[in-house]
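Below is one structure, written out as C-alpha cells; the observations come after it.
Each value in this text was obtained by applying a stated rule to the coordinates, not by laboratory testing. Everything quoted here is computed from the prediction, not taken from an experiment. FYI the Cβ positions are ideal-geometry reconstructions off the backbone, even for glycines, and counts take in every protein chain you see.
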Amino acid sequence: MGRSGLKVSRLGLGTMTWGRGTDEHEAADQLKAFLEAGGTLLDTAAGYGDGESERVIGGLLASIVDREEIVLATKAGVSRRTGERVVDTSRRALLDALDDSLSRLGTDRVDLWQVHAWSDAVPIEETLAAVDTAVSSGRARYAGISNYSGWQTARAVTWQAAWPGRAPIVSTQMEYSLLQRGIEHEVLPCASALGLGVFPWSPLGRGVLTGKYRSGIPSDSRAASDQFAGFLERYLDERSTHIVDAVHTAAEGLGASPSEVALAWVRDVPGVTAPVVGARTAAQLRASLESESLTLPAEIRSALDDVSSPIR
C-alpha cells in the first residue's frame with residue numbers, strides 16, 4: 001500500500017450496503033467468498049447505515065473470521081444522524097466516532113482509519129491532530145484520507161510529513177472507474193509523487209458498468225430504490241452508454257464478463273493499490289472476483305482509454 005509496509009489483497013470488499021440492503025446472512029456469504037478468493041481488505045465507515053455496516057462486521061468477526069486474517073479499514077467524519085449528510089472532522093467528532101466504531105466492530109484497533117471527507121469548517125491541523133491521537137494511542141495502525149482533491153491531499157500529506165512524530169497519511173480512497181476518471185487530473189499524480197496507496201471506490205461505475213441498466217432499470221436494482229436512485233442517475237446518460245457498450249464488446253471478445261473487464265482496467269492503472277468492490281449478493285461478488293485472473297491486452301486497454309477519456 002503505497003510506501004507503507006502494509007500489504008492488502010488486489011481487491012477490497014466494500015460494505016456500504018451491509019445492514020441496509022444487505023442483511024447479516026448475505027454479508028456472511030460475501031465475506032466467506034471474499035476470504036476464499038484470498039481477499040484481505042475489508043472496508044467500511046462509521047457513516048454507512050449510521051453504523052449498521054460496522055455492527056454487521058462486528059458480528060462476523062466474532063463468528064466466522066479471525067480478526068488477524070483481515071485488514072480492517074473504516075472511516076470517520078461523515079454521518080446522517082439528522083437524515084442529511086453531515087461532515088464533521090473536528091477532533092471531538094472524529095475521536096468519538098472512532099471509539100464508537102471500535103465498539104461496534106468489537107475490536108480494540110483498526111488497521112486503516114480514514115478521514116472520510118474534507119471540511120472547510122475545521123482547520124486541517126485539528127483534523128490531523130485527531131489522526132495523530134488515533135495512531136499514537138494504538139486505536140489505528142495506519143491513517144488515510146478519502147474524497148480529498150489533489151491540493152487537499154498534498155496539504156494533508158505534507159503537513160503530516162513536516163514534523164517528526166506525526167502519523168503519516170499512507171492512502172487515499174476516491175471514486176475511480178471507466179465512467180469517472182477525474183482523479184487522473186491531480187489526485188493520481190499527487191498520490192504517486194507522495195507515495196500514497198490508492199483505493200478506488202465504485203470501480204464498476206456504481207454498478208452501471210456491469211450492463212444491468214442497458215435495457216432499462218431492473219425493479220430489484222439500486223437505481224430503482226428511493227435510497228440509491230440519485231446515486232446512479234448521473235451515469236445513466238449517453239456518454240456512459242457508449243462506454244458500457246465498449247466494455248461489453250471487450251468482454252465478448254475476451255470471453256469474460258463486463259465486471260471483470262471494468263475491474264481489471266482499474267486494478268492495473270499505475271498507482272492503484274486495490275479497487276474496493278461492493279455487491280448486493282455473494283454471486284455478484286464472486287463474478288467480480290474472477291477479474292483477478294484477467295489481464296487486458298494492450299489494444300483493448302487503449303480502446304477503453306479512448307472511449308472513456310476524461311473531459312477536461
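Structure summary
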| read-out | value |
| --- | --- |
| Cβ-placed point charges (K, R +1; D, E -1), dipole of the chain about Cα centre in debye, nearest 20 | 460 |
| Tensor-based shape of the chain (alpha-carbon gyration tensor, a/c under 1.5 rounded, otherwise prolate or oblate) | prolate |
| Value of relative contact order over the chain, rounded to a whole percent, pairs C-alpha under 8 Å and six or more apart | 19 |
| Kyte-Doolittle mean at least -0.5, axial Cα span of 20 Å or more - DSSP H helices of the chain | 91-105, 238-254 |
| Gain on full stretching of the segment that runs from Ala162 to His185 - 0.36 nm per residue minus C-alpha separation | 5.8 nm |
| Gain in span if fully extended, Ser149 to Arg67, counting 0.36 nm per residue against the direct Cα distance | 26.3 nm |
| Net length gained if the chain between Asp99 and Val86 were fully extended (0.36 nm per residue, minus Cα distance) | 2.8 nm |
| Per-residue ³J(HN,Hα) for the stretch 137-148, Karplus 6.51 cos²θ - 1.76 cosθ + 1.60, θ = phi - 60°, Hz, x for Gly and Pro | 7, x, 6, 9, 8, 9, 10, x, 10, 8, 6, 9 |
| Spatially proximal lysines relative to Lys7 (Cα-Cα < 26 Å; intrachain offsets below 8 disregarded) | Lys32, Lys75 |
| Neighbour count of at most 15 Cβ within 10 Å plus DSSP loop: longest GluC sites (Glu not before Pro)-free window in the chain | 187-312 |
| DSSP beta bridge pairing in the chain, given as percent antiparallel to the nearest 5 | 10 |
| Mean ellipticity per residue at 222 nm, deg cm²/dmol - from DSSP H runs of n ≥ 4 across the chain, formula -39500 (n - 2.57) | -12000 deg cm²/dmol |
| Highest-fluctuation residue, Gly207, Gly19, Gly253 considered, GNM on the chain with Cα pairs under 10 Å | Gly253 |
| Of the trypsin sites (Lys or Arg not before Pro) in the stretch 48-96, those whose Cβ has at most 11 other Cβ within 10 Å and which sit in DSSP loop | Arg81, Arg85 |
| Local electrostatic count at Ala129 - Lys and Arg +1, Asp and Glu -1, tallied over other residues with Cβ under 10 Å | -1 |
